[in-house]
Amino acid sequence: MRYISTRGQVPPIGFIDAILMGLANDGGLLVPEHIPQVSEETLKQWQQLSYPELALEIFALYVEQEIPREDLKKLVNDSYSTFRHEEVTPVRQLDDSRYVLELFHGPTFAFKDVALQFLGNLYAYVSKRTDSIIHILGATSGDTGASAIEGVRGKDGIRICILHPHQKVSKVQELQMTTVDDANVLNLAVEGTFDDCQRIIKELFADVEFKHKYHLRAINSINIARILAQTVYYFYAYFRLAEKGQAGQVSFSVPTGNFGDIFAGYLAKKMGLPIHKLILATNENNILARFIKEGVYQPGDFKGTYSPSMDIQVASNFERYLFYLYGEQADTVTSLMAQFKAEGRIAIVGDVLKQVQADFAAYSVENEECLNTISDYYEKYDYLLDPHTSCGAAASDKLAQSGETAIVLSTAHPAKFDEAIRLRGIGQTYPEPIQALFEKPQFQTVVGGTNEAIQKQLEAFF
Ligand SMILES: *Cc1c(COP(=O)(O)O)cnc(C)c1O
């Protein structure tokens, strides 16, 4: 399989080059040259597979001969053996038409582990095969950093540096990152905001000399390997319903920030998985919900919410969807993105908007409604939602029609966001691995928010 850019200016490259490139060199995003089609017959066979077996079949379609099957199998097995649940991503039934797909059984209790455990192992494999060091540099508002560090800690050939805004991530998130004492991990606590961290990273990546000297690699959700890893659980969840004879009209409700997770669902549907509807749930930062309802893609004012991992104004994976929406025309995508840069908005009308509304339904959840939904589900189903999952649940309650079965993607364990849950007087006991974090020493370096300060730290570390 070869990979091309949504802006058409990168000659087709293989899978490994695609994951190393991250953002395409022409500023676009990498997509597979064609989307593999899965027949009904194959879907039936896949229904029998365990999670790692299914992941192997799906990855094999996108990797082809570039990684020998035995090696790929080992990568997959290593990646999912770290999950606490034997099913990796179990499906929980709440009532006749409501299910929750629990994606939080990985090392950091957030769904990002599903992709980053795999990407971490993949980077280690590539480092060994090409006999080169991989330096990962990233910024996080919480979940991605912890998950990326867990994905590569202690691995040969990889060093990782994560910037987070000092004392502006949740306590559990901070502890998850900073209690790691492996020599290949550097935590920089930056005096400033998440936006400062992200700006510094962007500028360091744009410094081509610095980037090449240190072979800098990214871990953010524009990496195509992350999307592919996330398609697997859509298939897996659908099959669990099919086993029960409940796979009539299956919709997925997805708490959305950077459009990565829901794009994986869109890709699964394009591969042939009979998904009825993809429900896009946002919090009050609702640019994507407004786009789907009104056809206008335009950032609004930033709002602080109980679901900080979805507090995003410009969704970095959105361009991949535009590529397919416009019939894989890179020229059109290029001019739309140029227009967005110049005017700060994209507007879509007519048949194209109709297509958007056929692909997705959308709902934006206000802060109060998010907390209400946590209380409701706790009372009604004795099930505790985290505030991100709560947005997905609220959206599915609003939009799922009768006769339809809704699967809500649960993107984080409630213990990660206890601060919000406590507002509703709901107490919870932390799972043992989270409780244990509070006893451990922390390793982090507090630095000023300037490029020079960060660069100095990186040079010493690399
Ligand atoms: C990252 C994250 C999301 C948003 O996922 P996207 O792929 O960016 O849409 C939702 N919930 C949690 C808990 C997350 O960490």
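The values are calculated or read from the model by the stated rules, or taken from the named source; none is laboratory data. Just so we're clear, the structure is a prediction, and the values are computed from it rather than from any experiment. No Cβ is skipped: glycine too gets one built from the backbone with ideal geometry, and neighbour counts run over all protein chains shown. These area figures cover heavy atoms from the full protein model, side chains too; ligands, DNA and RNA do not enter into them. Shrake-Rupley method; radii C 1.70, N 1.55, O 1.52, S 1.80 Å.
Numbers below:
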{"quantity": "Residue identified as within 14 Å of the ligand (Cβ to nearest atom) and either open to solvent by less than 50 Å² (accessible area, probe 1.4 Å) or at pLDDT below 90 (or both) among F210, F205, F259, F239", "calculated": "F259"}
{"quantity": "Count - residues of segment 307-323 that are modelled with pLDDT of 95 or more and either touching a Ser or Thr at 6+ places or on another chain (Cβ under 9 Å) or more than 30 Å from S410 (Cα to Cα) (or both)", "calculated": "4"}
{"quantity": "Spans of helices (runs of 4 or more DSSP H) in segment 129-227 with at least 3 residues in contact with a Lys or Arg (Cβ under 8 Å, 6 or more places away or on another chain)", "calculated": "143-152, 171-178, 194-206"}
{"quantity": "From the options N223, N317, residue that is within 30 Å of V152 (Cβ to Cβ) and either more than 10 Å from the ligand (Cβ to nearest atom) or open to solvent by 30 Å² or more (accessible area, probe 1.4 Å) (or both)", "calculated": "N223"}
{"quantity": "Test: K270 is without any contact (Cβ under 8 Å) to a residue 40 or more places away in the chain, more than 16 Å from the ligand (Cβ to nearest atom) and open to solvent by 10 Å² or more (accessible area, probe 1.4 Å)", "calculated": "no"}
{"quantity": "Among residues of segment 287-314, those that are away from the ligand (no atom under 13 Å from the Cβ) and of a type outside the set (F, W, Y), counted", "calculated": "12"}
{"quantity": "Residue that is farthest from P274 (Cα to Cα) [pool: residues in segment 381-400 that are more than 15 Å from the ligand (Cβ to nearest atom) and without any contact (Cβ under 8 Å) to a residue 60 or more places away in the chain]", "calculated": "D382"}
{"quantity": "Residue, farthest from the ligand (Cβ to nearest atom), within segment 329-346, restricted to residues that are of a type in the set (D, E, K, R) and in contact (Cβ under 8 Å) with a residue 12 or more places away in the chain", "calculated": "D331"}
{"quantity": "Hits in segment 1-20 (condition: open to solvent by 10 Å² or more (accessible area, probe 1.4 Å) and closer than 19 Å to T334 by Cα)", "calculated": "I4, R7, G8, Q9, V10, P11, P12"}
{"quantity": "Residue check for A247: among the hydrophobic types (A, V, I, L, M, F, W, C), closer than 30 Å to K44 by Cα and surrounded by fewer than 19 Cβ atoms within 10 Å (Cβ to Cβ)", "calculated": "yes"}
{"quantity": "Residue in segment 286-303 that is crowded, with 18+ Cβ neighbours inside 10 Å, assigned to a loop (DSSP other than H, G, I, E, B) and in contact with a helix residue (DSSP H, G or I) (Cβ under 6 Å, 6 or more places away or on another chain) present", "calculated": "no"}
{"quantity": "Enumeration of residues in segment 412-430 that are open to solvent by 30 Å² or more (accessible area, probe 1.4 Å) and not hydroxyl-bearing (S, T, Y)", "calculated": "H413, E419, R422, L423, R424, G425, G427, Q428"}
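Every residue, every condition in (1) under 26 Å from T89 (Cβ atoms); (2) more than 16 Å from the ligand (Cβ to nearest atom); (3) hydroxyl-bearing (S, T, Y); (4) in contact (Cβ under 8 Å) with a residue 60 or more places away in the chain, yes or no:
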site	(1), (2), (3), (4)
C370	yes, no, no, yes
E439	no, yes, no, no
F443	no, yes, no, yes
I454	no, yes, no, yes
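Quick grid of which residues meet (1) modelled with pLDDT of 95 or more; (2) touching a helix residue (DSSP H, G or I) at 6+ places or on another chain (Cβ under 9 Å); (3) buried (at least 17 other Cβ atoms within 10 Å of the Cβ):
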site	(1), (2), (3)
L43	yes, yes, yes
E53	yes, yes, no
I58	yes, yes, yes
Q65	no, no, no
D78	yes, yes, no
